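The structure under discussion appears below in the form of structure tokens.
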Amino acid sequence: MSAAAEVRPALMGHLKELRLPTVRQCYEETARRAERETLSYERYLLEVITRECEQRRKTRVERLLRESELPLEKSLPNFDVKRLPVKAQRQLRTLLEGDFLNRKENVLVFGRPGSGKSHLLTALAQELIVVRERRMHFTKCSLLMQDLLAAKRDLRLSREIKRLGPL
């Protein structure tokens, strides 16, 4: 029995216990490549841990997008930013940094119906989820008001407001 075959069951058990599914899935193939390319142990470890981190980030972003309930077709690549005034384009670049979230500041957007306000805000939220991995929740104002009025009627308004608080 080879040394790798002796170690494999214990290694798989530890990787499962540590909840490292991507490492568990790719370590053998990466080990063979590392052997062929004479990578150092550190380089091999970096490779498998990097894959684990990338997969976790991808899964987290997918979960955040799903939980946000954002209409995914309203994305920034689908929005014509050139339609915005120059000042609004600069403000959008600042908003994309996400610092307003850390300061817990509100963003208010005004404009005529059909001018792209919802599309722009949805695209902004998607970018903040994908790039900054920030948690968002999308709802229309009318639905939010209905939920708050129902919570008030059912004497659970404070719980609902707490639930809607900082995510």
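Brief remarks on what is shown
- Filter result for Asp99 (exposed (fewer than 13 other Cβ atoms within 10 Å of the Cβ), at pLDDT 90 or above and of a type outside the set (Gly, Ala, Ser)): yes
- Residue match in region 110-132 (condition: outside any helix (DSSP H, G or I), touching a helix residue (DSSP H, G or I) at 6+ places or on another chain (Cβ under 7 Å) and not assigned by TED's automatic domain parsing to the domain that holds Glu54): yes
- Qualifying positions in region 108-136 - on the phi > 0 side of the Ramachandran plot and surrounded by 13 or more Cβ atoms within 10 Å (Cβ to Cβ): Gly116
- When region 145-167 is limited to residues that are surrounded by 11 or more Cβ atoms within 10 Å (Cβ to Cβ) and within 30 Å of Arg57 (Cα to Cα), the one that is modelled with the lowest pLDDT turns out to be Leu167.
- Residue check for Arg57: touching a residue at least 24 places away in the same chain (Cβ under 8 Å), within 30 Å of Tyr27 (Cβ to Cβ) and in a helix (DSSP H, G or I): yes
- Evaluation of Leu70 against (1) of a type outside the set (Ser, Thr, Tyr); (2) within 30 Å of Arg19 (Cα to Cα); (3) not in a loop (DSSP other than H, G, I, E, B) (one fails), failing number: (3)
For every residue, the table says whether it meets (1) charged (D, E, K, R); (2) surrounded by 14 or more Cβ atoms within 10 Å (Cβ to Cβ); (3) not assigned by TED's automatic domain parsing to the domain that holds Val131.
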{"position": "Met12", "(1), (2), (3)": "no, no, yes"}
{"position": "Arg33", "(1), (2), (3)": "yes, no, yes"}
{"position": "Glu47", "(1), (2), (3)": "yes, yes, yes"}
{"position": "Arg51", "(1), (2), (3)": "yes, yes, yes"}
{"position": "Arg56", "(1), (2), (3)": "yes, yes, yes"}
{"position": "Lys82", "(1), (2), (3)": "yes, no, no"}
{"position": "Leu92", "(1), (2), (3)": "no, yes, no"}
{"position": "Asn106", "(1), (2), (3)": "no, no, no"}
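- Restricting attention to region 35-45, the residues that are surrounded by 12 or more Cβ atoms within 10 Å (Cβ to Cβ) and either in contact with a Pro (Cβ under 7 Å, 6 or more places away or on another chain) or polar (S, T, N, Q) (or both) total 0.
- Take the conditions (1) more than 23 Å from Arg66 (Cβ to Cβ); (2) out of contact with any helix residue (DSSP H, G or I) (no Cβ under 8 Å at 6 or more places or on another chain); (3) free of Cβ contacts under 8 Å to residues at least 12 places away in the same chain; Lys104 misses just one of them, which is (3).
- Residue count, region 1-38 (criterion: hydrophobic (A, V, I, L, M, F, W, C) and at pLDDT 85 or above): 7
The values are calculated or read from the model by the stated rules, or taken from the named source; none is laboratory data. Please read all numbers here as calculations on a predicted model, not as lab measurements. Cβ atoms come from the backbone with ideal geometry, glycine included; neighbour counts cover every protein chain shown.
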